[in-house]
Amino acid sequence: MNKNTIELLEYNKIKEILKGYALSDISKDKIEALEPFLDIAAINAYLLETNEGRAIADITSSIPIHSLMGMNNIVQKVRKGMVLSGEELETIADFLVEGRRLRDFMNNKKEVAPNISCYALSICEMQEVVEEIQRCILRGRVEDKATSELSKIRKKIRILEDRIKSKLDSVLKNDKYRSYIQDSVVSMRNGRYVIPVKNEHRNSVSGVIQDKSSSGSTVFVEPEEVKKAQDELNILRIEEEKEVFKVLSNLTNLVISYERDLIINIETMAHYDFIFAKAKYSKAIDGRGVKLNCNHYIKILGGRHPLLGRAAVPLDFEIGNDYRALVITGPNTGGKTVALKTVGLLTMMVQSGLHVPVEKESEFSIFVDILSDIGDGQSIEQSLSTFSSHIKNVISILDCADPNTLVIIDEIGSGTEPGEGMGIAVATLEEIYNKGATLLATTHYNEIKGFARAHKGFTNGCMEFDINTLKPLYKLSIGKAGESNAFLISLSLGMNKNIIERAHEITYKTKKDYSNYEMEMKVLRDNIIVQQKLKEEAELNHEAQVEKFEKANIKNAIKEKKKAKPSFNIGDCVYISYMDRTGIVCELENSKGEVGVMVMKKKLKINKKRLSIYIEKEELYPEEYDMDIVLKSKGYRKKNKLMEKRHVEGVILQEE
């Protein structure tokens, strides 16, 4: 969607808030890539997910979602065939246990969330993997009981270590060496046990010096008495490392055999994280799902700007039935711009599958693009005036506007001489309306109120104003034009009465002075190249959006045609991932998503997500082949053939 609109309506701020409710980086990346969809069927599906997620979030906040921390790196290592560490294997086991908890959790939420609860059926428990990791690994270390060989090696290591320490203790306690010893402590240097000896007596203790203290006053000596035992110990440690590596390799290979299931589990967990992030955000803003249409009709009841929260005055808004162009008037700081931004931002959020803070019976339309010009857009660096900036955006909007576009323009025609500004505003509104776009605009020009009143398809609206307190009420009223209150407001703020009277005279007896606008016209000419570039970029962006919209319509048409066609046909040869073997489809998919598969002469019910086409029926059998030969027993076929010829007393044909 139009990048300028995304920035002006602060759509990215909504995504940043939404990311705060997600636990996994995968889900946060998914939110970062989120943008308004154009396919009404897809939007309805995403809204349904958010609805059901919100229903669960209203019941409990303890949803077992795994953070997936480290899982991406683990999957990369698995794909490369690298051996996983003990910590990584424990991470997998913890993830699988959490996946089982999520599956049980969602199984108990079928009544409130019948659709998203089915997603959990694709979570594979991988019990064999969990049990083996838990048996072999504890706190990231391979356990002694992992293999009998490892248990024997470690037992020998402990015995040998005790023997070495005992010998070293006897050396430390020997009166012969007492004066040479720096401290009666056995330590380890370079993987070997040593005793601390004073540097000046380094030659008095026979053995190998393994290290020296930073001050140089102490050397760490491996006495001759324990050298042979130390060498044996090092050999045992090498054997231990080999056996540990063997255990880790075997566990890694076991994980690799479930690679596809592991990836499905991760994707499922990340998608649940995404759904519940939307649900938690919905709860935070008191949001709800809405009706959708493709008729360019919008009806907002009690809508609030999500970044303003409960501080926002509720907005009631409607467009698309008797009129599709609304011109809003009212004083500055009266809430006109907030009203425009609220309509635009809520539309973008709905098309992204998010709940919005509105009341029941609110309805939104799907738009291919939202084009907007909000704020003065003044740039000191580029020496562009307010008027120049507006004109640039308006030119881009005029080029892209069409019947599937929502156009939002704030203070149309502002920033220049009132008479010309009003003329540009009216001409622009006419052209955008003639192109079929849905249009929202705000203005200060009284003449535009009359134009909207007189033209079919247009209507006026105003931000209500309390004439007694001279304060805005921030409430939109559709169907009537607002009155100018500038003179009253100025007078109430202390401006001299004579100045107000002179201002009134100037307003109704116009004197034009063109000298003030020569510079602005020069700036426009000097920046024609910049304008052209921005125009081309906007056109390309809009064309891309239209292409997406058309592709979505084609996709939906294809989906409708394929609805009646089952995913697997009787006679197809399918691969069963968790069994690592093939089978023949003998029953079509049921309401639970299970398919009947014959495996080794046994008929099993298997979830379709665990199946993939191996060889289609058409490639396996000739046309009009009798599938009973494959799927029915010889006895059944014999009886059936007999019964087809005539009735045989006492013979019962029972469906297998």
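Would you mind calculating the gained length between residue 144 and residue 187 on full extension (0.36 nm times residue separation, minus the Cα-Cα distance), in nm to one decimal?
Details: separation 43, 0.36 × 43 = 15.48 nm, distance 2.45 nm.
Full extension of this stretch gives 13.0 nm more.
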A chain fully extended from residue 199 to residue 111 at 0.36 nm per residue, minus the present Cα-Cα distance, gains in nm 23.8 nm
Tabulate in residue order the Karplus-calculated ³J(HN,Hα) for the stretch 606-620, using 6.51 cos²θ - 1.76 cosθ + 1.60 with θ = phi - 60°, rounded to whole Hz; enter x for Gly and Pro. 10, 4, 4, 6, 8, 10, 9, 4, 9, 9, 6, 3, 4, 7, 8
Which stretch or stretches of the stretch 303-318 have amide N atoms under 20 Å from the point lying 7 Å from residue 58's Cα along the Cα→Cβ direction? 303-304, 310
Starting at the first residue of the stretch 17-33, write each ³J(HN,Hα) from the Karplus equation 6.51 cos²θ - 1.76 cosθ + 1.60 with θ = phi - 60°, in whole Hz, x for Gly and Pro. 5, 4, 4, x, 9, 8, 9, 9, 5, 4, 5, 5, 5, 5, 5, 4, 7
Which whole-Hz couplings ³J(HN,Hα) result when phi for each residue of the stretch 124-138 is put into the Karplus expression 6.51 cos²θ - 1.76 cosθ + 1.60, θ = phi - 60°, listed in order with x for Gly and Pro? 8, 5, 6, 4, 4, 5, 4, 4, 5, 5, 5, 6, 9, 10, 9
So how far, in whole Å, is the C-alpha centre of the stretch 56-85 from the one of the stretch 172-237? 47
Residues with amide H under 5 Å from that of residue 352, placed H, sequence gap 5 or more: 37
Base-10 log of normalised Debye intensity for the stretch 146-248 (one unit scatterer per alpha-carbon) at q = 0.10, 0.11, 0.12, 0.15 Å⁻¹: -0.33, -0.39, -0.45, -0.64
Of the listed pairs 13/336; 592/617; 246/601; 603/639; 3/608; 360/475, which have alpha-carbon separations greater than 29 Å here? 246/601; 3/608
Sorted by chain and then number, the residues having a modelled amide H within less than 5 Å of the amide H of residue 315, at least 5 places away or on another chain, are 302, 303, 304
How much FRET efficiency would the formula 1/(1 + (r/R0)^6) give for residue 163 and residue 131, where r is the Cβ-Cβ distance and R0 is 45 Å, rounded to 0.05? 0.75
Report the FRET efficiency, 1/(1 + (r/R0)^6), for residue 256 and residue 174, where r is their Cβ-Cβ distance and R0 is 51 Å, rounded to 0.05. 0.40
What are the residues whose amide H is under 5 Å from the amide H of residue 193, where those residues sit 5 or more places off or on another chain and H is modelled from the backbone? none
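Read the figures in this text as sums done on the coordinates, not as results from a lab. Just so you know, these numbers come straight off a predicted model, no measurement behind them. Positions of Cβ are backbone-derived with ideal geometry, glycine not excepted, and every protein chain shown enters the neighbour counts.
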